[in-house]
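The structure appears below as C-alpha cells.
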Amino acid sequence: MTIGKNIPRVDAFDKVTGRAKYADDLVPTGTLIAKVLHSTIANGLVKKIDTSKAKQVPGVIEVFTCFDVPDIVFPTAGHPWSTNIANHDIADRKLLNTRVRYYGDDIAVVVAENELTATEALKLIEVEYEEYTPLLTIEDAMNGDALHEEYPNNILASTKYNVGGVSFEEALENNDVKIFEDEFEVPTVQHCFMENPNSYAYMESGKIVVVTSTQIPHIVRRVIGQALDIPWGQVRVIKPYIGGGFGAKQDVLYEPLNAWVSKMLGGKCVKLELTREEGFINTRVRHAMKIHIKSAVSENGRLIARKVKMFSNQGGYASHGHSVVAGAAHVVKQLYQDEVATDVEFTTVFTNLPVAGAMRGYGVPQITFALEAHMENVAKEMNFDNIELRKINMIKEGFVDPLNSIPSLTNELDQCIEIGAKHLNFREKHKKYSNQEGHIRKGVGCAIFSYKTGVYPISLETASCRMILNQDGSIQVQVGATEIGQGADTVFTQMAAEITGITYDKVYIMSAQDTDVTPYDSGAYASRQTYVSGHAVKKCGLELKQKILDYANYLKESEIAVDIKENHVLDKDGNKIIHVSEVALESFYHRENSKHIAAEATHHCDTNTISHGTTFVEIEVDLKLGLVKILDIINVHDSGTIINPKTALGQVHGGMSMGIAYALSEELLFNPKTGEAYNGDLLGYKIPTSLDSPDISCKFVEKYDPSGPFGNKALGEPPTVPVAPAIRNALFNATGIKYNQIPLTPERIFNKVKDKGLI
Amino acid sequence: MIEIIKCKINGRDQEIAIDPRESLTDMLRNKLGLTSVKKGCEVGECGACTVLIDGKSYNSCIYLASWAKDKSIITVEGLTSENGELSPVQKAFIDESAVQCGFCTPGLLLTATEIVNSGQKYTREELRTLISGHLCRCTGYENILNAVEKALNQEN
C-alpha cells in the first residue's frame, strides 16, 4: 500500500542537487534573445512606430512591430478546446497589438544577439500614439467607449441565476425576516511564481518546438497553432520543471509570439524571458471584484433568501473571461442554501488594467471573503452564535447543486468546524474578546468554504496516461498532467505502484511533458489532476497489470496468475508464481512470442464532488499601528483520502500563506490617471517573507469519496480560500469594526479605528 | 571587453573570461553551466540566486563577476560530496518536505548551509530573520524552517 504514505517527493533529490532543469537552464548556446516593447499608455492606438534607430544597433537581428504580425486574433485561456463554437474562449488579441488596452500592452519585439543589446535597442524605438482616457474602474469602463468593439459598455458578459423559482423580493412576502446588506471589495493581486515566465523556440524536422514554463503544454500547442495559423501537429511543446504557476501559467502567455519570431527568422532558436517587472503586469492577475450581498434571515437564523451582485474587473483582454466570476457566483449556493430563494447576478467588465485570469481558487477566494464576512456581520447584528449560524445554513452531505448538478458526495464540514474550534478554544475566546479596551486587542475568527473538484460538467474533463514495462520489471509512467511544484508526479507514482503491484521504487515517472510524446491532458488547474488524471493513472495501471498477468499465464501455460503484489505475480491463494522482472525480460526477448508490454488509457471524467474545510485564526492587533499579528492559525480540510500527507500539508501551508497575504498585505496599485502600476516588483508588492509568516497548523478529516480514484477530492487550491475572511472576522471580533475591504493594511485598519474613536 | 579572473568554484580552481559588466549569476550560469543559481528578479529582492562567497551568502545577481576574483564560491552543485552523498542540509530539506517547485530551494540551501556552518545555536524566530532574504511562494516557509532547524540541531 502506498496510498496515504509519506513517500518522499520523486523530484526532491534533483531539486536539492541543482539537477532539476527549468526552461532557462536548457537554452542552447548561441540562442538569440527577444525582448518585448510595452506601451506607455493604457488606452489608445499605435499610429506609427519608428524602429530605424533600434535596427542600427550592432547585434540587433530584427525588430517586429504590431504592424508586422499576422491579422489573427487568438484566445489565451487554459481551457480545453471545444468543437462547439458557442463554447469558444474569446479570441481578442494578436501577437502584438496596435489597439493598446492596458499600460504595458505588447506593441513590438526586438531580437538581438544578447539581452543587453535587445534591452538597449528597445529604448531607441519611437512610438506615436493616439491616446484615449484610461478606463480603470468598473464604473468608468461601463460609461466609457468600448475597448473591444464587440462589447459595448465594456461588458464582456452579464449573467443571472435564480434558485427557488421566486425572486429575492418575492421571497420576503409572508416571511418574518430581518434584512442585512453589505458591500465588499477585493483587490487585484498577482501570483508571484518564483520563476518568471520564459520560453525558447526553434524549428526542427519541419516543426516549431517551444520549451516553456507552463502549466498547460497541450493547450499551449493548440493556441500556438491557432495564433500562427499552422496545423497543431506542427507544434511541439516541451514543459520541463517549472518554478510555480498558481494559475498565471494556466494561460498561454508569450509562447505564440516566441514561436512566430523564430519562424520569421527561419527557425533560429530565440528565447523570450520576462523580467520580474513584466511578470507582474504582462502575465495575469487575480480579478478585483465588488460584491454586494443582501440577505433575509429568519429569527431562528435560517437564511430565507439572498441576493448577490458581483462585478469583476477583467482588465484589457478576455483571458479566462467571464468564467472566473461565474465560478465564484456558483459558490453562493454551494456554501449555504437559502430556504426560499437565491438571486445572483454577475458581470465581467473590460478595463484598461493588466489582464485578469486564473489564480489559485478561480474567483472563489473573492466570493468566500464576501460570503463569510457577511455571515459574521449577520451573526453579530442578530446576536446569534456565529458557528451555529453557519451550521444551520451550510450545505450537507448529499447536496446536489440545483443548477449544475455538482454534488457534495462526502461532507465532513461539521467535523472540520469542531476540530478548528477546539484547536483555538474558539467559542470561549470569541465571547471573551468581544468586549475589549485599550490599543492592543485580540480576536478570533473563522470561515468555511466549498470547492468543487475539476470543471465537469462546465467544461470537458479528460486525461490520459501511458505505462511501459521495462526489461527489469520496472515501469515508466507518462502523463500529460503537469508537475508544477504541487507534488503531482509523486502522487501519480504512488497511484501507479498501488494499482500495478509494482513497488514504488520501480516506478519512474517522466516529469517533463512533451506534446509529441506524453499523452493528452488539459494540465494543472482547478485542483483536478489528482482526481481526473488520477483516474487515468488508475485505469492505465489496471490495464498494464492485466497484460503482465496475461503474459505470466502464457509463460506458465496456465490461468493461475491473478494478482501482482510487491513485484511478484500471485495466484488466487497469494502464492508467488513468478517475479515481474522475469515476465518482463521474457516478454522482450522471447523467441516465439516477444511482446512489449505497455498500456494507455484515457479517462473521460463525468463526475465531480465538493471539497470542504475551514480556517480558524487568533490574532492580536495593535490599534495605534494598525498592525495585525497572527497568533495561531489552522486549516481543517475535508479533501477525502489524502494520498501523501506530507505533500498535502505542503499544499495547505502554501495556500494558507497566500491567503494570509491576501488578507493583510497584497494589492497591486495603479496610478489612477495613467493606469501604470505603482508597485509591480517584489519590493513594493508585499508577498510574505519568513518574518511575515506565522507557524501554520493543518488537519485533515479523511472520508473516502466514492467518485475519486482513491477516495480523494480537490486540495490544491482550497487552502487559500477561507483564510482572508477568517482573519477579517477575527479583526471584527477584536474591534467591533466591519472591515469590508482587503487587504487589511495598517493604513486601512488605523483609519477606521480612528474614525470610530477606538484610540 | 574581456577580463580574466581566477577564483575557486565548488572547490576547484578556475580561470574564467568575463565581461566586467556581467553579474556573478550570469557568469556561473552561462560560463560554467551552474544552473542551480536561479534568476527570480535580478535586483536582489528574491534570493533565488544566492551563492556562498568565502562562506557567506550573497545575492549573486547584484554581485559583479569581477568581484569574485580570488574568492571561493559554492553553489548547490558543490554541496554534494565527491561520492554523491547529500549534505545534511540537503537531506533535511528532503526529509522535511521543504521542497515544492524547487526554484527558491538552491538559494535557501546555501543560506541554511551558512547557518549550520556557523556552529551557533539559533531560535526559530532568529532563523526566520536569517532566511528572510529568500522569497518562497509555495511553502509558507513552515517546512523550510523545520528543515533548517533539523539540520542545525543535527550538526551543532
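The values are calculated or read from the model by the stated rules, or taken from the named source; none is laboratory data. What you see is a predicted model, and the numbers here were worked out from it, not measured in a lab. Because the Cβ atoms are built from the backbone with ideal geometry, glycine has one as well, and the counts that use them run over all protein chains shown. Heavy atoms of the whole protein, side chains included, go into the accessibility calculation; ligands, DNA and RNA do not. Shrake-Rupley method; radii C 1.70, N 1.55, O 1.52, S 1.80 Å.
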Can you tell me what percent of all Cα-Cα pairs in segment A:225-288 are more than 20 Å apart?
36 percent
Where no second cysteine Cβ lies under 4.7 Å, the cysteines concerned in chain A
A:Cys66, A:Cys192, A:Cys269, A:Cys416, A:Cys446, A:Cys605, A:Cys698
Accessible area (Å², 1.4 Å probe, nearest 10) - A:Val562:
80 Å²
Solvent-accessible surface (1.4 angstrom probe) belonging to B:Cys7, in square angstrom, nearest 10
10 Å²
Using r as the Cβ-Cβ distance of A:Ser167 and B:Ile62, and R0 as 56 Å, what FRET efficiency do you calculate, to the nearest 0.05?
0.40
Give the residue from A:His38, B:Ile2, A:Asn393 lying farthest towards the positive end of the charge dipole for the protein assembly as shown; charges sit on Cβ (+1 for Lys and Arg, -1 for Asp and Glu) and the dipole is referred to the Cα centre.
B:Ile2
Where both residues lie in segment A:176-243, what percent of DSSP beta bridges are antiparallel, nearest 5?
60 percent
Rounded to the nearest 10 Å², what accessible area does A:Leu172 have for a 1.4 Å probe in the complete protein model?
50 Å²
Does a label point 7 Å from the Cα of A:Lys756, set along Cα-to-beta-carbon, have any residues of segment A:409-449 with amide nitrogen under 16 Å, and which are they?
A:430-446
Fraction of accessible area attributable to carbon and sulfur, segment A:462-604 (%, probe 1.4 Å)
49 percent
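How would the protein assembly as shown be classified by its alpha-carbon gyration tensor: rounded, prolate or oblate, with rounded meaning a/c under 1.5 and the a/b versus b/c comparison settling the rest?
Since a/c stays below 1.5, the shape of the protein assembly as shown is classed as rounded.
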Run the numbers on segment B:130-152: which residues show a drop of 40 Å² or more in accessible area, chain on its own versus all protein chains together, using a 1.4 Å probe over heavy atoms?
B:Ser132, B:Leu135, B:Arg137, B:Cys138, B:Gly140, B:Tyr141, B:Glu142
Just how large is the dipole of chain B about the Cα centre, in debye to the nearest 20, putting +1 at every Lys and Arg Cβ and -1 at every Asp and Glu Cβ?
140 debye
Give me the number: length gained by fully extending B:Gln120 to B:Lys91, i.e. 0.36 nm times residue separation minus the C-alpha to C-alpha distance, one decimal in nm.
8.5 nm
Under a Cβ-only charge scheme (Lys and Arg +1, Asp and Glu -1), can you give me the dipole magnitude of chain A about the Cα centre, in debye to the nearest 20?
880 debye
Which of the aspartates and glutamates could a cross-linker span from A:Lys673 if the Cα-Cα distance has to be under 18 Å and same-chain partners fewer than 8 positions apart are dropped?
A:Asp105, A:Glu130, A:Glu131, A:Glu139, A:Asp140, A:Asp145
Over chain A, what is the percentage of antiparallel beta bridges among all DSSP beta bridges, to the nearest 5?
80 percent
Hey, what does the equivalent ellipsoid look like for segment B:3-78, semi-axes from the Cα gyration tensor as sqrt of 5 times each eigenvalue, largest first, whole Å?
17, 14, 11
Rg/Rh ratio calculated on Cα atoms of segment B:88-155 (Kirkwood radius):
0.91
Test of the criteria: in segment A:530-590, which trypsin sites (Lys or Arg not before Pro) are in a DSSP loop and have at most 10 other Cβ atoms within 10 angstrom of their Cβ?
A:Lys572
Once you average over the residues of A:684-693, how many Cβ atoms of partner chains fall within 10 Å of each Cβ?
6
Give the residue from A:Tyr161, A:Ala463, A:Ala497 lying farthest towards the positive end of the charge dipole for chain A; charges sit on Cβ (+1 for Lys and Arg, -1 for Asp and Glu) and the dipole is referred to the Cα centre.
A:Ala497
At a 1.4 Å probe, what is the % contribution of carbon and sulfur to the accessible area of segment A:224-321?
52 percent
Leaving out ligands, DNA and RNA, and with a 1.4 Å probe, what % of the accessible surface on segment A:115-213 is carbon or sulfur?
46 percent
How large is the accessible surface per residue of chain B, computed with a 1.4 Å probe and reported in Å² as a whole number?
40 Å²
Solvent-accessible area per residue for chain A at a 1.4 Å probe radius, Å²?
35 Å²
For chains B and A, what's the summed buried accessible area, probe 1.4 Å, to the nearest 100 square angstrom?
3800 Å²
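If the convex hull of the alpha-carbon atoms of segment A:50-127 is projected onto planes in all directions, what is the mean projected area in square nanometres? Display every interim value, and only then the final one.
Values: hull surface 26.7 nm².
Convex hull of Cα atoms, orientation-averaged projection: 6.7 nm².
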Assuming R0 = 60 Å, can you tell me the calculated FRET efficiency for the pair A:Asn383 and A:Glu582, based on Cβ-Cβ distance, to the nearest 0.05?
0.25
Chain A, relative contact order in percent, only Cα pairs under 8 angstrom and at least six apart counted
16 percent
If you take every residue apart from A:Cys416 with its C-beta less than 10 Å away from the C-beta of A:Cys416, what net charge results, scoring Lys and Arg +1 and Asp and Glu -1?
-3
Chain-alone versus full-assembly comparison, segment B:73-93, residues with accessible loss of at least 30 Å² (1.4 Å probe)
B:Leu86
Along the charge dipole of segment A:402-494, Cβ charges K/R +1 and D/E -1, which of A:Gly445, A:Gly420, A:Gly487 sits furthest on the positive end?
A:Gly445
FRET efficiency for B:Thr129 and A:Arg427, using Cβ-Cβ distance with R0 set to 41 Å, rounded to 0.05:
0.70
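Here are some pairs, B:Lys91/B:Lys121; A:Lys703/B:Lys150; A:Lys752/B:Lys39; A:Lys431/A:Lys754; A:Lys249/B:Lys71; which of them have Cα atoms lying more than 30 Å apart in this structure?
A:Lys703/B:Lys150; A:Lys752/B:Lys39; A:Lys249/B:Lys71
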Counting Lys +1, Arg +1, Asp -1, Glu -1, what net charge surrounds B:Ile73 among other residues with beta carbon under 15 Å of its beta carbon?
0
Cα centre as origin, Lys/Arg/Asp/Glu Cβ charges: segment A:462-604 dipole, Debye:
220 debye
Where in segment B:1-85 are there GluC sites (Glu not before Pro) that are in a DSSP coil and have at most 12 other Cβ atoms within 10 angstrom of their Cβ?
B:Glu82, B:Glu85
Local electrostatic count, B:Gln154, Cβ distance below 11 Å [Lys/Arg +1, Asp/Glu -1]
-1
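Can you give the extra length, in nm with one decimal, that the chain gains between A:Met510 and A:Val562 once fully stretched, where that is 0.36 nm per residue apart less the Cα-Cα distance?
15.9 nm
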Using a 1.4 Å probe on the heavy atoms of the protein chains only, list every residue of segment A:12-47 that has 10 Å² or more less accessible area in the complete assembly than in its chain alone.
A:Ala12, A:Phe13, A:Lys15, A:Val16, A:Thr17, A:Gly18, A:Arg19, A:Lys21, A:Tyr22, A:Asp24, A:Asp25
Quick note, segment A:1-84: a/c under 1.5 would make it rounded; otherwise a/b > b/c is prolate and the rest oblate (a ≥ b ≥ c, C-alpha gyration tensor); here it is oblate
Rounded if a/c under 1.5, otherwise prolate or oblate - segment A:462-604, Cα gyration tensor axes
prolate
Per residue of segment A:578-591, what does 6.51 cos²θ - 1.76 cosθ + 1.60 with θ = phi - 60° give for ³J(HN,Hα)? Whole Hz please, x for Gly and Pro, Karplus curve as stated.
7, 7, 4, 4, 5, 4, 5, 4, 4, 4, 6, 10, 4, 6
